[in-house]
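Just so it is clear, none of the values below were taken in a lab; they were calculated from the coordinates. The structure displayed is predicted, hence computed values, not measured ones. Don't worry about glycine lacking a Cβ; one is built from the backbone with ideal geometry, like all the others, and counts go over all protein chains shown.
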Amino acid sequence: MAATRDVPGALGGSRILEVPEVAAEVAALRALLAGPGPKLLEIGFDHGRRLTSTAQASPGWTVIGLEVRARRVAELRAWAVERGLPNLHVFRLDARAVLAGALPAASLDVVEALFPTPWPEGKARRRLLVTPEFLGDAARALRPGGLLHLATDVAWYAELVDAALATAAGILPVAPPDALATLRPPCPQQSRREWKCERDGLAVYRALRVRA
Ligand SMILES: C[S@@+](CC[C@H](N)C(=O)[O-])C[C@H]1O[C@@H](n2cnc3c(N)ncnc32)[C@H](O)[C@@H]1O
C-alpha cells in the first residue's frame, strides 16, 4: 500500500508504507480499524499523557496513537502491557503518510493533533502536519459526525490552520466545549504541551470540526 500522493519530507519517504516491516504495522493498524466499537486516533502523542488517560478512562474505545519518535512508541507499548490496557495501540508511523493512503474511509470517530510540531522555515517546513491535503485526508478517515480536534500555541501555525480550514470540504465548525464533552471520550489529563501553556499563561488556538 502506498500513499495516494507524494508526502514531502515523510519519515522514510512517501513510499514508506510499502516497506515490509512498515506494511506489517499498517496492516495491524487497519485490522484495529476494522474491529468493533468507537475509535480515536491521536497524532504526535509524545509523552502520551492524553492517550494513556483516555484508554484507561474508556475501555470501550480503541485508542490509537501515531508518533515518529521511536522511544515514545516503545515507552507507551510497555506501559500498555504493564497496565493491562488492551485498547491502547501505538505505532511508529508518519501520520501524514498514513492518512494519505492507509486508512479506510469513515473508520475513525475522533482524530486529534494537539500542538503539532511547528517546523521552522526552510526545508523542514514541508513537514507541517496541518495542510489542506491533511484536512482532506482526516475528513475522509472520519465517520460522519466524527470529531477533528486541533490545537496549537504558535500564532503563525494557527493562521495557517485557520486558512486551511476555511477551504476544507466535508468538515463543519462545531461549538466548543460541547464537542469535546460529547464527541470525545473522557480524558482527565491535559497533554504535556497543553499543561505547559496553562502554566505559562500562553494562549492556545483550538479548532473543532465535525465530519459532515
Ligand atoms: C510539539 S510535540 C506535541 C506533543 C503532544 N501532542 C503535546 O501536546 O504535548 C509534537 C509531536 O508530534 C510528533 N510528530 C511530528 N510530526 C509527526 C508526524 N508526521 N506523525 C506523527 N507524529 C509526528 C513529534 O515527534 C512530537 O512528539
Using a Förster distance of 41 Å, how high is the FRET efficiency between residue 200 and residue 167, based on the Cβ-Cβ distance and rounded to 0.05?
0.80
In nm, the gap between the two label points placed 7 Å beyond Cα toward Cβ at residue 70 and residue 181 is 4.4
Given H placed on each backbone N at 1.01 Å, which residues far from residue 174 in sequence or on other chains put an amide H within less than 5 Å of it?
208, 210
How large is the Rg to Rh ratio of region 109-166 when both quantities use alpha carbon positions and Rh follows Kirkwood?
0.98
Taking θ as phi - 60°, what are the ³J(HN,Hα) couplings along region 64-74 by the Karplus curve (6.51, -1.76, 1.60), each to the nearest whole Hz, with x for Gly and Pro?
10, x, 10, 8, 8, 7, 4, 5, 5, 5, 4
Alpha-carbon spread of region 1-84, three principal axes, descending order, Å
37, 28, 19
Stretchable slack from residue 78 to residue 119, in nm (0.36 nm times residue separation minus alpha-carbon distance)
11.9 nm
For region 152-162, 3J(HN,Hα) per residue [Karplus equation, 6.51 cos²θ - 1.76 cosθ + 1.60, θ = phi - 60°, Hz, x = Gly/Pro]
7, 10, 9, 4, 5, 5, 4, 5, 5, 5, 4
Quick calc, residue 159 & residue 31: beta-carbon distance into FRET formula, R0 30 Å, rounding 0.05, result 0.20
DSSP bridge orientation in the chain - percent antiparallel, rounded to nearest 5:
30
Is region 67-130 best put as rounded, prolate or oblate by its Cα gyration tensor, with a ≥ b ≥ c the root eigenvalues, rounded for a/c under 1.5, and otherwise prolate when a/b is larger than b/c, oblate when not?
oblate
Let me know the Kirkwood hydrodynamic radius for the chain, please, with Cα pairs as the basis and the value in Å to one decimal.
17.3
Roughly how far apart, in whole Å, are the Cα centres of region 121-171 and region 1-74?
18
